1. Kindly provide the set of residues from region 137-163 that are open to solvent by less than 90 Å² (accessible area, probe 1.4 Å) and part of a strand (DSSP E or B), ordered by number.
2. Identify all residues within region 40-61 that are of a type outside the set (A, V, I, L, M) and not in a strand (DSSP E or B); write none if there are none.
3. Just one of LYS65, LYS29 is charged (D, E, K, R), modelled with pLDDT under 90 and more than 15 Å from the chain's Cα centre (by Cα); which is it?
4. Looking only at region 56-95, filter to residues that are among the hydroxyl-bearing types (Ser, Thr, Tyr) and closer than 21 Å to ILE37 by Cα; which one of those is surrounded by the most Cβ atoms within 10 Å (Cβ to Cβ)?
5. Please name all residue pairs, on different chains or six or more residues apart, with Cβ atoms under 7 Å, provided the first residue is in region 97-124 and is under 13 Å from GLY80 (Cα atoms) and the second residue is among the charged types (D, E, K, R) and part of a strand (DSSP E or B).
6. Can you pull out the residues in region 81-134 that are closer than 15 Å to LEU69 by Cβ, among the small types (Gly, Ala, Ser) and touching a Ser or Thr at 6+ places or on another chain (Cβ under 8 Å)?
7. Name every residue in region 128-139 that is farther than 21 Å from SER85 by Cα and either touching a helix residue (DSSP H, G or I) at 6+ places or on another chain (Cβ under 6 Å) or in contact (Cβ under 8 Å) with a residue 12 or more places away in the chain (or both), in order of residue number.
8. Restricting to region 86-136, what's the tally of residues that are in contact with an Asp or Glu (Cβ under 9 Å, 6 or more places away or on another chain) and part of a loop (DSSP other than H, G, I, E, B)?
Amino acid sequence: MAKRFSLREFQQNVLNRIQVQTSGGVTSKAAALGVQIGGQNWLIEMSDVSEVLPMPALTHVPLTKPWFLGVANVRGKLYGIADISAFNGMGDTLRGQSNRVLLLADKYAFNAGLLVPRVIGLRDSANWTKTRVAGEMRLSDDKGQIWRTLDIPALLQSDDFLQIGR
């Protein structure tokens, strides 16, 4: 019988090997996933995401808000898929090959996925410059690019996000 493996363990193993190679043998944890939302750079804590996948087939749900795209069956589990760009008032995400859906971590017990236009990759923001703008934390990387943070726990407590009906 074939040995079973955990996708999460495999991904973490690959991540660790990449970090060792790029840091000259010194390991450091990349704590955030960089994505583009509404043409801006955003960071999402890795612990808030269980999986990143291409856009799955969706079943439309009538009488829902325009940012709620529908329901997707991912390996037998149903997930509500939201266009996070449209939800934040940044316009609809144009559909393309680079689109990805971020499935939220099981720890939230909330079967939701967020459509993002593009995943940029893993980022270690530990040494980035932090500033607070209008109550929101913004980070500036080594190249001067501005990054915003997406607070998944706050999103899941937001009445606007939880009420998908029109």
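The values are calculated or read from the model by the stated rules, or taken from the named source; none is laboratory data. A quick note: this is a predicted structure, and the numbers were derived from the prediction, not measured. All Cβ positions, glycine included, derive from the backbone under ideal geometry; neighbour counts span all protein chains shown. We work out accessible area using only protein heavy atoms, side chains counted, and drop any ligands, DNA or RNA first. Shrake-Rupley method; radii C 1.70, N 1.55, O 1.52, S 1.80 Å.
1. Answer for region 137-163, where residues must be open to solvent by less than 90 Å² (accessible area, probe 1.4 Å) and part of a strand (DSSP E or B): MET137, ARG138, LEU139, SER140, TRP147, ARG148, THR149.
2. Within region 40-61, SER47, ASP48, PRO54, PRO56, HIS60 qualify.
3. LYS29
4. SER85
5. LEU103/GLU51; ASN111/LYS77; LEU115/ASP83
6. SER85, ALA86, GLY91
7. Within region 128-139, just TRP128 meets the criteria.
8. Qualifying residue count for the region: 6.
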